[in-house]
Amino acid sequence: MREWWAYTVVKLFFVLFLKSIQIMKNKINQIPLFLITAFLFACSGGSSPDSGDGGNKDYDPVDVVNLTSESSKYIILETRTDNFDKAKAKSNAEDAITKFKDLQCMVGLFAYNSPSCIDAIKEADKLKQIKVCGFDEQDALLEAIGQGHAYGTVSQQPWEYGYQSIKKLKELYEAQGNEVSPSTSFAYVTNGVDPFWDLCAAGVRIAEKEFGISCEVLMPPKGVVDQKRMMETLLANAVDGIAVSPVDAENQTPFLNEVAENTILITNDSDAPDSKRLAFIGTNNYKAGRALGKLVKKAVPEGGEVVLFVGRLEQLNARQRRQGVIDELLERPVKNLGSETKGYSETSFLLVTKDNVDGFWAKKKEMAELGKTQ
């Protein structure tokens, strides 16, 4: 009897459930589609799912095309990413040259982007048509600037990153009541392997000698996984402090917080502002992006079509650089991006053009040799 009663209750519940679904279906069918769409859009926070910036009004969506404004002479056709694949970087440049017949300027936001663009332009025999402006100081770019094949670049003077990072770690270490000695150990962890980081390492070596401490420079070849493994090893070895350039700050924040609970942690080059890091050393990438935009204006004063090239936009520094270029070219007001977070120490950047490229290149060669020493 008890089993029959239970079966009847379940059956009745199931029938009522199906009936309620049918009623809801009939009601929903009477609602105009545009109202349903508006409701769902409002519930989602009003942002496009693939905007890439969570609906942040300070940043243009990563996939936006044909950006322009009434007050600007420039059209930013698109932003192309390559995920640090240099072969892809060159093919991106080649495709852009083929796709956009009237392209006037290619802008590289990472060190290797501009040299890839220059190679593609040479092969397409369009050196007279397409100008190049870039970031950082790869030899191929400096050579192109000297030859007049590229207009200029924004150098972050990366040796300052290394030096100022170690100096800041020392200051924080001493603020905890410690005295530095030859046994004091700090680590400088990059976000990859690149000649740029050799220049940063030069600053580390200068600081190491000046402060009489021990410093280790680590360059993860395989991104986030290697960076995490290296930092875990440093913690196991009881390192006194770490300066890191996070590969993917947003997704690494929980791990970075674990690191910060076990040693002094600061960031450089690319920040992780939501983490428990104590300081950030680096260029104001938004300001540097606007400076790069000014170089584009000088390279192509009559205006025209522009394409941006970058490794990836998950990194905060890349997004800020890109936004700086966009806002400058489209004559938008200056935003407070890049310097609003706690513990920020801004390093200077330098605009390198044909006028000063020789002296800068000599300085860079000196730093590169120093950075390769261990």
Query raised in the report: Is at least one residue of the stretch 329-349 in the same structural domain as Ala201 (by TED's automatic domain parsing) and in a helix (DSSP H, G or I)?
Result: yes
Requested in this report: Collect the residues in the stretch 66-106 that are among the aliphatic types (A, V, I, L, M), assigned to a helix (DSSP H, G or I) and either touching a Cys at 6+ places or on another chain (Cβ under 9 Å) or under 11 Å from Val307 (Cα atoms) (or both), keeping them in residue-number order.
Outcome: Ala89, Ala93, Ala96, Ile97
Requested in this report: Might you let me know whether the stretch 167-179 holds any residue that is under 26 Å from Lys365 (Cβ atoms) and either among the charged types (D, E, K, R) or assigned to a helix (DSSP H, G or I) (or both)?
Outcome: yes
Query raised in the report: For Ala144, are the conditions met, namely being within 25 Å of Asp194 (Cα to Cα) and more than 20 Å from the chain's Cα centre (by Cα)?
Result: yes
Query raised in the report: For the stretch 351-374, which residues satisfy the criterion of being within 28 Å of Pro273 (Cβ to Cβ) and at pLDDT 95 or above?
Result: Leu351
Query raised in the report: Given the conditions (1) within 18 Å of Ser185 (Cβ to Cβ); (2) touching a Pro at 6+ places or on another chain (Cβ under 8 Å); (3) buried (at least 24 other Cβ atoms within 10 Å of the Cβ), which single one is not true for Phe280?
Result: (1)
Report summary line: Restricting the stretch 283-292 to residues that are of a type in the set (Gly, Ala, Ser) and surrounded by 24 or more Cβ atoms within 10 Å (Cβ to Cβ), the one nearest to Lys170 (Cα to Cα) turns out to be Ala288
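Quick grid of which residues meet (1) closer than 17 Å to Gln315 by Cβ; (2) charged (D, E, K, R):
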site	(1), (2)
Glu171	no, yes
Gln176	no, no
Glu179	no, yes
Thr190	yes, no
Gly203	no, no
Glu208	no, yes
Phe211	no, no
Cys215	no, no
Lys228	yes, yes
Query raised in the report: Is one or more of the residues making up the stretch 193-206 within 23 Å of Phe135 (Cα to Cα), modelled with pLDDT of 95 or more and β-branched (Val, Ile, Thr)?
Result: yes
**Report entry** Every residue from the stretch 222-243 that is polar (S, T, N, Q), loosely packed, with under 13 Cβ neighbours inside 10 Å and in a helix (DSSP H, G or I)
**Finding:** Thr233
**Report entry** Residues (under 18 Å from the mean Cα position of the chain (by Cα) and β-branched (Val, Ile, Thr)) located in the stretch 69-122
**Finding:** Thr79, Thr81, Val107
**Report entry** Options Ala207, Ala202; residue that is under 25 Å from the mean Cα position of the chain (by Cα) and among the small types (Gly, Ala, Ser)
**Finding:** Ala202
Query raised in the report: Any residue at all in the stretch 253-265 that is crowded, with 22+ Cβ neighbours inside 10 Å and in a loop (DSSP other than H, G, I, E, B)?
Result: no
Query raised in the report: So which of Val204, Val193 is hydrophobic (A, V, I, L, M, F, W, C), in contact (Cβ under 8 Å) with a residue 24 or more places away in the chain and either touching a helix residue (DSSP H, G or I) at 6+ places or on another chain (Cβ under 8 Å) or crowded, with 23+ Cβ neighbours inside 10 Å (or both)?
Result: Val204
Requested in this report: Taking only the stretch 266-295 into account, find how many residues are outside any loop (DSSP other than H, G, I, E, B) and either outside the structural domain of Lys335 (by TED's automatic domain parsing) or among the charged types (D, E, K, R) (or both).
Outcome: 3
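The values are calculated or read from the model by the stated rules, or taken from the named source; none is laboratory data. The structure presented is a predicted model; accordingly, all values stated were derived computationally and were not measured. Because the Cβ atoms are built from the backbone with ideal geometry, glycine has one as well, and the counts that use them run over all protein chains shown.
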